[in-house]
Amino acid sequence: MAEIETSSTETAAAGTVIGASVPLTGVRSAKKLATRQTLLDAALRLMEQQSLSSLGLREVTREAGIAPAAFYRHFADLGELGVALVEESLGSMHELIRDIRTPDAETEDVMRRTVDVVVAHVRANVPHFRFVARERHGGVAAVRAAIAAQLDTFIDELVEDLKLQPESEGWDSQELRVLARLYVNVIMLTVADLLDSGLENPLEEARIVAEALTQLRLVTVGRLHWPTDRP
């Protein structure tokens, strides 16, 4: 497989061929980003069969078709590559879910649309979410921390939304955080169930979606009946 990373002479030549309309720095930046993405994609392919901790740097660069030394132009180590995959996997969900939680949206509608968005996103990015599910409790500390940080961000964002709702009157910050974590945990369990199902059986997917909605509704009912005179 031909190497993707090229020498500075080859890059300069490419800049000359492309012409003055594309700055040389822009060409280099685009090539660097493309190579970085190739490394991420190669690692994902390899991790369909193994964990990040069992992966070798040379194995990844061979799969990507680049020289091993070129890896360090993009990542300090495989742990840093794993963190980038976490950001690519979970980071892309933030805006999708944030757009659903508008101030005037009904709770039932938010729950249904959130589950629909999560199912569609997982279906479109199965390797990414298999990676997250495997590495959430895996052997690479930096990746575990990155996944936990992304989930904490979801919780933080949800807490801010919950604070604005009339149902949250009398709740303190810690209680709202526990509630938000319950909602996020239901979503993460749903993701795991979807991955285990193989996303190939419509009836099984429908069951998982229905169960997720039931769990979210139960959390919501519990919230509505949480005693206001608690200690």
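The values are calculated or read from the model by the stated rules, or taken from the named source; none is laboratory data. Values in this document were obtained by computation on a predicted structure and should not be read as measured data. So basically every Cβ, Gly included, is an ideal-geometry build from the backbone, and we count neighbours across all protein chains shown.
Of the residues L90, L78, the single one that is modelled with pLDDT of 95 or more and aliphatic (A, V, I, L, M) is L78.
Per-residue answers, yes or no, for (1) polar (S, T, N, Q); (2) outside the structural domain of L55 (by TED's automatic domain parsing); (3) over 13 Å from the mean Cα position of the chain (by Cα):
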site: L96; (1), (2), (3): no, yes, no
site: D99; (1), (2), (3): no, yes, yes
site: E106; (1), (2), (3): no, yes, yes
site: V115; (1), (2), (3): no, yes, yes
site: S173; (1), (2), (3): yes, yes, yes
site: M188; (1), (2), (3): no, yes, no
site: L195; (1), (2), (3): no, yes, yes
site: A206; (1), (2), (3): no, yes, yes
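From the list R58, R62, the lone residue that is in a helix (DSSP H, G or I), of a type outside the set (A, V, I, L, M, F, W, C), modelled with pLDDT of 95 or more and in contact with a helix residue (DSSP H, G or I) (Cβ under 7 Å, 6 or more places away or on another chain) is R58.
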